[in-house]
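Below is one structure, written out as structure tokens; comments come after it.
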Amino acid sequence: MNSKPGRRYFILSIWSEPSGAESDVWRGYVETPNGKRTYFATIERLADLLQTMGWRQETTYLSQSNRRNLFK
């Protein structure tokens with residue numbers, strides 16, 4: 001499946017869950033081609049997961065304030 005050099009394939013699933021607070025909480029997981037799922041609850045954790053999968057730092061990166069507003 002990874003036929004193009006430097007390209008990584010995975011499934012990203014994101015959903016919201018009621019939190020009892022003013023806004024819902026966003027959750028998700030990243031699934032690798034071998035079927036392994038790793039769950040996350042913050043955008044920072046998602047960024048960490050993508051980096052471990054080969055995402056390079058020179059790729060467009062959101063500032064911390066923009067990451068917080070990503071799912072609002």
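Within the assembled protein chains, the solvent-accessible surface assigned to I14 is about 60 Å², based on a 1.4 Å probe.
Close amide H partners of V25, meaning residues 5 or more places away or on another chain with modelled amide H under 5 Å apart, are E17, S19.
The values are calculated or read from the model by the stated rules, or taken from the named source; none is laboratory data. Just so it is clear, the structure is predicted and the values come from calculations on it, not from any experiment. Only protein heavy atoms, including side chains, enter the accessible area calculation; ligands, DNA and RNA are left aside. Shrake-Rupley method; radii C 1.70, N 1.55, O 1.52, S 1.80 Å.
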